[in-house]
Amino acid sequence: QVQLVESGGGLVQPGGSLRLSCVASGRRFSIYEMGWYRQAPGKQRDVVAGIFSGGSTNYADSVKGRFTISRENAKNTVYLQMNSLKPEDTAVYYCYLYEGNLGRHYWGQGTQVTVSS
């Protein structure tokens, strides 16, 4: 059974930084795509960033140059470093693992990020 546990959310002022972490268990972590989505109140869940097994990454246009995704396979962990945060980054951030051979996403419980002065 796949479990994803996020941490690192919180309240930060505009221009500040946060680092989210997601620890995975129940799969051979290193071979799967991992990443982050976010969902603001009243809006759909949107992709933020993804990282593939080979280390290549992709980002939503709205976070390019500000957010960095990385993974540490030895710790079954994926990170999202968020810099220059804006109020519009406020959302619940969800970690995912994508099992490509089944076309299935697994999700964490979410962590709240609030950017406000």
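What follows draws every value from the coordinates through simple rules; no lab data is involved. What you see is a predicted model, and the numbers here were worked out from it, not measured in a lab. Note that we place each Cβ from the backbone using ideal geometry, even for glycine, and neighbour counts take in every protein chain shown.
If a/c stays under 1.5 just call it rounded; otherwise compare a/b with b/c (prolate if a/b is bigger, oblate if not). Do that for region 67-111, with a ≥ b ≥ c from the square roots of the Cα gyration tensor eigenvalues.
Here region 67-111 falls in the oblate category.
Report, in debye and to the nearest 20, how large the dipole of region 6-50 comes out about its Cα centre when Lys and Arg carry +1 and Asp and Glu carry -1 on their Cβ.
Taking the Cα centre of region 6-50 as origin, the dipole is about 60 debye.
For every other residue with a beta carbon closer than 14 angstrom to the beta carbon of GLY55, add +1 if it is Lys or Arg and -1 if Asp or Glu, then tell me the sum.
Residues close to GLY55 contribute a combined charge of -1.
In percent, how large is the relative contact order of region 68-116, given Cα pairs closer than 8 Å and 6 or more residues apart?
Relative CO of region 68-116 lands at 32 percent.
Can you list which of the trypsin sites (Lys or Arg not before Pro) found in region 52-117 are DSSP loop residues with at most 14 other C-beta atoms within 10 Å?
Those satisfying the criteria are LYS64.
Between GLN112 and GLU72, what FRET efficiency comes out of the Förster formula 1/(1 + (r/R0)^6) with R0 = 30 Å and r the beta carbon distance, rounded to 0.05?
With R0 = 30 Å, the Cβ-Cβ based efficiency is 0.80.
Using the C-alpha gyration tensor of the chain, what are the square roots of 5 times its eigenvalues, in whole angstrom, with the largest one first?
In descending order the semi-axes read 23, 14, 13 Å.
Taking 0.36 nm per residue of sequence separation and subtracting the Cα-Cα distance, how much length would be gained by fully extending the chain between ALA60 and SER17, in nm to one decimal?
Residue separation times 0.36 nm, minus the Cα-Cα distance, leaves 13.7 nm.
With both bridge residues required to lie in region 1-114, what share of the DSSP beta bridges run antiparallel, to the nearest 5%?
Around 95 percent antiparallel, to the nearest 5.
What dipole magnitude, in Debye to the nearest 20, does the chain give about its Cα centre under +1 on Lys/Arg Cβ and -1 on Asp/Glu Cβ?
Dipole size: approximately 100 debye.
Can you compute the modelled spin-label distance between HIS105 and SER7, with each label point 7 Å from Cα toward Cβ, in nm?
For HIS105 paired with SER7, the spin-label model returns 2.5 nm.
Place a point 7 Å from Cα of SER53 in the direction of its Cβ. Which residues in region 24-42 have their backbone N less than 12 Å from it?
Of the residues in region 24-42, 28-34 have backbone N under 12 Å from the label point off SER53.
Test of understanding: in a Gaussian network model of the chain with alpha carbons linked when under 10 Å, which of LEU85, LEU11, LEU20 would top the mean-square fluctuation ranking?
Highest fluctuation of the listed residues: LEU11.
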